[in-house]
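See structure below.
The values are calculated or read from the model by the stated rules, or taken from the named source; none is laboratory data. Bear in mind the structure is a predicted one, so any value in this text is a computation, not a measurement. Because the Cβ atoms are built from the backbone with ideal geometry, glycine has one as well, and the counts that use them run over all protein chains shown. Accessible surface is based on the protein model in full, side chains and every heavy atom, while ligands, DNA and RNA are left aside. Shrake-Rupley method; radii C 1.70, N 1.55, O 1.52, S 1.80 Å.
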Amino acid sequence: MCSFSYLKQETNLTVVTEFILLGFQGGRAFRIVFFCLLLVIFCVTVSGNLLIILVVSYSRSLHSPMYFFLTQLSFLDLVLTITVVPTMLLVVLYEGMYVSFTSCLIQYYFFLGCEALECLILTVMSYDRYQAICNPLRYTSVMTLTFCLKAVLLCWLAIVSMVLMFAVLFSQLLFCGPNIIDHFFCDFDPLLELSCSETVMIKLVSIVLVIPIVVCPLIFIIVSYGYIILTVLKIPSVTGRQKTFSTCSSHLAVVSMLYVSIISIYAFPTQIGVKKTLALFYTVITPLLNPSIYSLSNRNIKVAVKKLFSNKSGMFYTGLCNSGCPCFLDAMHSGDLRPVLPIHR
């Protein structure tokens with residue numbers, strides 16, 4: 001397999017048009033087993049996240065802000081999986097893969113947008129849990145349809161703006177040297193290592209944007225859970241404390257997995273093998289576990305899933321409005337909300 005591909009050569013400047021993804025190195029037996037495992041994970045992840053979106057959309061008992069944000073999280077995991085895993089399957093199957101310059105950057109933009117937007121959505125979800133546990137009487141008046149839509153729209157606008165900014169910065173970089181990426185997808189650091197342009201500006205912008213996208217949301221989540229823990233400790237009954245905190249245990253588990261993997265790979269210098277393993281965790285394992293975490297620990301979702309499969313006609317009847325569309329927003333707008341509030345005893 002050649003290590004260079006060229007678009008044109010002008011004044012001794014050779015421009016790269018393709019990259020080569022090396023992926024994980026191993027023997028034939030390892031590649032076959034790893035490919036089959038990834039294929040199963042891909043199918044389960046796509047099915048699980050689609051199921052979460054479907055169940056929440058068509059079950060009136062789940063028409064609450066918390067589950068609305070959960071559908072956003074499942075959608076992001078779905079897009080992230082479709083963006084990264086198919087490329088990884090081809091890389092494993094063929095012991096490497098050519099990917100065009102444009103396709104590589106597009107993959108990175110989708111990956112960047114999904115991960116950054118997930119950080120913001122998890123922050124909004126922590127605020128939802130804070131209101132539900134610390135201010136249960138004001139929950140429905142604060143977490144309204146307007147607030148939920150504005151919060152999600154603001155998150156999307158912020159991330160789209162960030163991705164466009166990176167697109168402009170990457171368009172100013174030249175890639176005229178080696179084109180071998182020792183990774184299974186197009187990530188930030190491997191791309192910059194191959195650039196023959198000055199990368200100080202884009203690195204500086206990335207460091208600055210980490211503060212509002214990663215650091216500030218993490219601080220907000222920690223503070224929110226600080227207040228939540230203080231409120232839970234005031235509940236006299238052990239059973240009451242357990243039931244109250246169980247409403248946010250799933251969210252806390254997802255936050256921990258995401259931030260631990262991101263901080264480990266980007267904040268601390270590690271070998272490329274370790275980086276690829278950690279990247280495998282938050283691009284493949286986390287989207288796989290998120291539906292399981294929320295469904296296994298949430299009785300409402302388990303009941304809704306059973307109803308979905310046991311009574312298909314009932315699903316369509318309860319999930320369709322007079323206009324023929326899912327009536328989640330109409331239910332929220334009309335005040336027919338079913339907030340997931342803790343039980344204090």
Give all pairs with beta carbons closer than 6 Å in which a residue from region 217-237 that is among the aromatic types (Phe, Trp, Tyr) meets a residue that is surrounded by fewer than 19 Cβ atoms within 10 Å (Cβ to Cβ) and at pLDDT 90 or above; count only pairs at least 6 apart in sequence or on separate chains. 227/134
Residue under evaluation residue 75, criteria (1) surrounded by fewer than 19 Cβ atoms within 10 Å (Cβ to Cβ); (2) in contact with a helix residue (DSSP H, G or I) (Cβ under 6 Å, 6 or more places away or on another chain), criterion not met: (2)
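Does region 15-45 hold any residues that are of a type in the set (Val, Ile, Thr), over 23 Å from the mean Cα position of the chain (by Cα) and more than 9 Å from residue 92 (Cα to Cα), and which are they? Before the answer, list the steps.
Kept after step one, since they are of a type in the set (Val, Ile, Thr), are these residues of region 15-45: 15-17, 20, 32-33, 40-41, 44-45.
After this cut, where a residue has to be over 23 Å from the mean Cα position of the chain (by Cα) as well, the list is 15-17, 20, 32-33.
Across region 15-45, the qualifying residues are 15, 16, 17, 20, 33.
Per-residue answers, yes or no, for (1) open to solvent by 30 Å² or more (accessible area, probe 1.4 Å); (2) assigned to a helix (DSSP H, G or I); (3) touching a residue at least 40 places away in the same chain (Cβ under 8 Å); (4) closer than 30 Å to residue 226 by Cα:
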position	(1), (2), (3), (4)
140	yes, yes, yes, yes
148	no, yes, yes, yes
153	yes, yes, no, yes
175	no, no, yes, no
185	no, no, yes, no
192	no, yes, no, no
198	yes, no, no, no
Restricting region 43-55 to residues that are hydrophobic (A, V, I, L, M, F, W, C) and free of Cβ contacts under 8 Å to residues at least 60 places away in the same chain, the residue that is surrounded by the fewest Cβ atoms within 10 Å (Cβ to Cβ): 43
Can you pull out the residues in region 237-253 that are assigned to a helix (DSSP H, G or I), open to solvent by less than 60 Å² (accessible area, probe 1.4 Å) and not aliphatic (A, V, I, L, M)? 240, 244, 246, 247, 248, 249, 250, 251
